[in-house]
Each structure stands twice: as C-alpha cells, then as structure tokens.
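Each value in this text was obtained by applying a stated rule to the coordinates, not by laboratory testing. Quick caveat: nothing in here was measured; it's all calculated off a predicted structure. With ideal geometry, Cβ positions are generated from the backbone for all residues, glycine too; neighbour counts draw on all protein chains shown.
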C-alpha cells in the first residue's frame with residue numbers, strides 16, 4: 001500500500017513539475033518578443049547555475065581536459081538546445097515546439113527497439129508531426145527547423161548526461177555544464193539586450209521563467225526519482241506536449257486547429273504506449289538514457 005502511495009505521489013509531483021516547466025515556457029513566450037530568446041536562455045542558465053553550483057560544489061582540481069570533454073559537450077548541447085527551443089517557441093508557438101522537440105527523447109526509445117508495436121508508434125508520431133505542420137496555415141519553416149534542432153539536442157543531451165553521470169558524482173557534471181552553457185550564452189545576451197526595455201516587471205518575469213523551468217523541476221527531481229520507476233517517469237513525461245499546448249492557449253492565446261490538437265494527442269498517446277511497454281530494467285544504455293530529461 002505504501003509503495004502504491006509513493007508511486008502516486010511521485011507521479012503527481014512529476015506532473016506538477018511538468019506544469020511548472022510549461023508555465024515557465026509560456027512566460028518565456030511573453031518575454032521573447034521583448035528581450036529575445038537569447039536573454040531568456042541566459043537567465044534560465046543563470047538560475048540553474050546559481051541553484052546547482054553552491055549545492056553541488058563541483059571540483060575541477062585533478063581532472064584532465066580529456067575527462068572533462070563529456071561535460072564540455074553537455075554544456076554546448078544545453079546552450080544549443082535551450083536557445084533553439086525558445087527561439088522556436090517565439091516562431092511557431094509553445095504546443096508545436098514542445099511536440100516536435102519531444103521527438104528527440106522518443107526517438108531514442110524507438111531506435112533501441114525492434115518491436116512491431118514501436119514501429120507502429122513511430123509511424124503514428126510521424127503522422128502526428130505531419131498533421132501539425134500541415135495544419136498550420138503560415139508555418140514558419142525556420143521555427144519548425146529550430147524545434148527539430150532542439151529535439152536532436154535533447155537526444156544528444158540524454159546520451160551525454162548518461163556518460164557524465166557515470167564519470168561524475170551526483171549533479172557535479174551537470175552543474176559544470178550549466179556554468180559552461182551560461183558562459184556561452186551570457187556574454188551574447190548582454191550584448192544584444194536592449195536595456196531600455198528592462199524594468200522590474202520584465203526582470204520579475206525573467207526570474208519567474210528561470211525558477212519555474214529550472215529551480216522547481218531540479219528541486220523536485222530527487223524526490224520524484226526515489227518514488228517512481230524510470231518507465232512511469234517516462235509515461236508521465238509523455239504528457240508534456242499536451243500540457244504545453246494547454247499553457248500556450250491559456251497564457252499566450254495560441255490557437256490550435258482540431259487537426260493540430262488531434263495530432264498532439266496522437267504523439268502523446270504514441271509516446272505513452274512506447275514508454276509503458278518498455279521493460280522495467282532496460283538492458284542497454286540507450287534504453288536507460290531515454291528516461292533522462294534536462
């Protein structure tokens with residue numbers, strides 16, 4: 001009974017974390033036309049670094065450059081993933097951007113399987129993405145391409161994160177990668193920032209984006225992962241496109257056609273089926289990696 005209660009609590013907490021991320025991303029959608037996606041990404045990385053570094057206290061002493069290569073790769077991928085994602089949100093909307101980006105982690109789960117069921121799910125995902133693009137009257141091709149880049153970057157993040165997790169204790173590697181990502185986007189963000197548009201309201205929304213997208217999810221992750229399996233984690237995570245589309249409508253007023261809503265539900269259902277039917281104890285690193293999220 002206690003185990004079932006723990007799983008239910010963990011799943012509910014993960015759903016709350018996904019709501020927090022989508023809410024934060026919808027606020028980012030408000031900010032992007034004002035300050036630009038580069039500034040939004042820089043603030044999010046700043047909040048992540050401020051959260052992780054004092055807590056983890058990563059140590060560089062005694063580490064060779066070669067041993068740090070996975071961390072360097074992870075930092076670059078973090079910067080590319082977040083920048084391409086937020087730029088795509090500003091161009092094609094939150095629901096579409098998250099749905100296309102979600103193809104990254106889903107592809108890892110599908111590519112490690114040889115089951116006919118997963119082939120059918122992959123076809124369903126392809127149909128869903130096609131309907132999303134076809135249902136948009138004036139689809140921004142650059143925004144769509146950036147969402148694909150974000151998805152590919154998420155897949156790379158997953159694989160690199162597993163390598164970093166094996167070589168570094170706890171969140172030590174991720175904290176160093178976050179600092180590197182901030183070092184990449186921070187100076188550029190300061191250069192392009194139009195200070196005339198900055199006020200306390202904009203600063204507060206930027207901070208809220210960082211807290212909702214980074215501070216809250218990272219804080220809840222340890223609690224969540226102690227209570228639910230990797231498979232249940234992935235199943236709940238597969239609701240991300242639907243949650244994002246809801247917040248895109250509620251906060252940003254982004255309208256979707258019935259065909260696009262159906263397409264998002266199709267992708268969500270295919271992802272849920274894929275993750276729900278995976279083995280509880282994955283046999284390959286790729287399968288295990290499919291449960292990692294940024």
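With each label modelled as a point 7 angstrom along the Cα→C-beta vector, the residue 262-residue 139 pair spans 1.6 nm.
In this simple spin-label model, placing a label point 7 Å from the Cα along the Cα-to-Cβ direction at both residue 34 and residue 166 gives a separation of 4.5 nm. Across the chain, the relative contact order, built from alpha-carbon pairs under 8 Å that are at least six residues apart, equals 39 percent.
Starting from the Cα-Cα distance between residue 64 and residue 201, subtract it from 0.36 nm times their residue separation and give me the gain in nm to one decimal.
Working: separation 137, 0.36 × 137 = 49.32 nm, distance 4.38 nm.
Contour length minus Cα-Cα distance gives 44.9 nm.
Taking packing as the residue-averaged number of other Cβ atoms within 10 angstrom, the listed peptides 91-99, 265-273 run from highest to lowest as 91-99, 265-273.
How many angstrom separate the Cα center of the range 218-248 from the Cα center of the range 139-162? Answer, in whole Å: 19.
Using the empirical formula 2.2 N^0.38 Å as the baseline, the Cα radius of gyration of the range 54-104 reaches a ratio of 1.61. Residues of the range 162-190 with amide nitrogen under 20 Å from the 7 Å Cα-to-Cβ point of residue 57? Residues passing the 20 Å test: 168-179.
Relative intensity of the range 105-217 on a log10 scale, I(q)/I(0) at q = 0.14, 0.18, 0.21 Å⁻¹, equals -0.96, -1.20, -1.24, per a Debye sum over C-alpha point scatterers of equal strength in the absence of solvent. Say a paramagnetic label sat at a point 7 Å from the Cα of residue 250, along Cα to Cβ; which residues of the range 193-211 have their backbone N under 18 Å from it? Counting backbone N atoms under 18 Å from the label point, the list is 208-211.
The chain: percent of C-alpha pairs farther apart than 32 Å?
When every Cα pair of the chain is considered, 23 percent fall beyond 32 Å.
When the Gaussian network model of the chain links Cα atoms closer than 10 Å, the mean-square fluctuations of 102, 247, 223 top out at 223. Grab the beta carbon distance between residue 5 and residue 191, set R0 = 51 Å, and tell me the FRET efficiency rounded to 0.05. Once rounded, the FRET efficiency stands at 0.50.
Taken as Cα centroids, the range 61-75 and the range 1-50 sit 27 Å apart, rounded to the nearest whole angstrom.
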